[in-house]
Amino acid sequence: MGLDLEQQILNYEQELKDLDSSISDANVWIKSYATYLAALRVKDDLDKIKQRIKWLSKNAKTAKERDELNGLIAKESILTSQIGQLKDEHYTPFSELITPPKIEEIPEINNPFDIFTGLSLIKTLNNNLDEYKKKKENLSELITILKKEVEIHQKLAEVGKQEYTDELKEIQLQLLRFERALDTMSSTLEVYQKRLDITAVNINKSVETQVYRLAKIGIAILIVFFIFFVLKLIVKKYITDNERFYMANKIITFTNFTIIILIVFFNYIENASYLVTILGFASAGIAIAMKDWFMSILGWLVIVFGGSIHVGDRIRVDMDGMQYVGDVLDISLLRITILEDVTLTSVMTNRRAGRIIFIPNNYVFTKMIANYTHNSLKTVWDGVKITITFDSNHKKAMYLVKEITKKYSKGYTDITRKQLNRLRQHYSLKNTNVEPRIYSFIEDNGLEVEAWYLTNAYATLTLRSVISTEIVDAFNAADDITIAYPTQKLHVDMRSSKPTDLHENELV
């Protein structure tokens, strides 16, 4: 009978070991309870030490007792420090575990970016709820295991050994505390979940409001895009001039985006006067801190609405002592973009071409900008000069030069005459003579003949080259015309001089 009882006790103890092993050492509830028990033990030890110190302070007589008193005082200081660290968090069992996570204050959702903040908060709250539920499930599983351990300890206590009875009381007390914690969590979870539901409903309501507002803005923007798309189609159909089409397209695009920006502003700024105040201060700040940008925008308005420069025009700009001649590629809000072409300026001054030049729009107020093709004009005056000797037939030379220039510039002369007649509607023109002009001037090395004629503003070098070679060929073919160029004349005296007579005594 005794052997059967011992075997039964061994079986019970093995079952307890199996149940203990099923409880993970990392279980937060076991750790929290162990910390709580440690705090109680430290408190009990501290109470005993204080009582002993009190007794020794009155009755210590021997050196040994005084040493004990000093040691207990030091130990009291250490335990007091430990109990201070444990008391806040672990003096009450499971206080940290049964307290649900704090619900953050609901943010105001006033714009589309706040939508992501609200959705992120809902996700965070749901994760906190799931984590709290998981803690409750772990506690329920732990209580189930502890109940089994209580049953086994009750069977062991029936054997009659005192140690099993003491263990039974400890495990029953532990189970009671865990069950109380579970009851607290159950009621707390219900309230916490309702609070989360209310918070989620409020956030979703604000998100829906913003989504609805965003949808209205999107519809308004689509309508604006459609209207301006139709305007672009109309402009493309009825405006055939490339320059006018480009500028009209540019203005439509700018107006389109301006209206869209205003739609967004007035939808997300509740107080319009507040917006006007902000824009007023912002404009003043921009005017001071970003003067060049501000002036460039004003320059863009002058260029676009004044019509002094258009896309495709050939212009010359003087910048930092350099001259650039090219065709306008684009007129943006801040700058003019030109493509530098091979011109007389490139040949005589820059010795390079083909660069993309960016000109700030504020240069229209401070720098020299010349437009070779303003309004309807597409031609410019160009000239060539050649020097003949003083004894050449200068009348014949001037006649030949005039005939050659008239021959090759006739088409441009007729075009310019028509262009100037149209230009009279906008400007007061007095001298409208478009025929080639021939001049002669006396220079140091001969008579200089100059010819001025009208040519294509985009191809001045081509006609200059043709006329120059034709004039040289015509002068070379004439017997009484000699082209002059820097020369030197040497006058050599061919007379021989007699050597002087030498005296007999002179050495040579």
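Before moving on, here are some points about what is shown:
- Net lengthening on full extension, residue 469/residue 176 (0.36 nm per residue, minus Cα-Cα): 93.7 nm
- Lys-Lys pairs in region 313-426 that are eight or more residues apart or on separate chains and whose Cα atoms lie under 28 Å of each other come to 24.
- Distance between the modelled labels on residue 318 and residue 249, one decimal in nanometres: 3.5 nm (7 Å Cα→Cβ projection).
- With K and R counted +1 and D and E -1, the other residues having a Cβ less than 11 Å from that of residue 481 yield a net charge of -1.
- A simple spin-label model places the labels of residue 43 and residue 19 2.7 nm from each other, with each point 7 Å out along Cα-to-Cβ.
- Among 179-187, 100-108, the peptide with the highest mean count of other Cβ atoms within 10 Å heads the list, and the full ranking is 179-187, 100-108.
- Segments 365-376, 450-461 sorted - mean Cβ within 10 Å per residue, highest first: 450-461, 365-376
- Relative contact order (percent, whole number), region 375-492, Cα cutoff 8 Å, 6+ residue spacing: 43
- Three principal axis lengths of region 375-492 [C-alpha, angstrom, descending]: 68, 24, 21
- Each label point was placed 7 Å from the Cα along the Cα-to-Cβ direction; for residue 202 and residue 58 their separation is 6.0 nm.
- Karplus (6.51, -1.76, 1.60) ³J(HN,Hα), θ = phi - 60°, over region 319-325, in Hz, Gly and Pro reported as x: 10, 6, x, 10, 10, 10, 10
- Among 224, 230, 401, the order by Cβ neighbours within 10 angstrom, fewest to most, reads 230, 224, 401.
Each reported figure results from applying straightforward, stated rules to the coordinates on display, with no laboratory input. Keep in mind the model is a prediction, meaning the values are calculated, not measured. Note: ideal-geometry Cβ built from the backbone for every residue, glycine included; neighbour counts use all protein chains shown.
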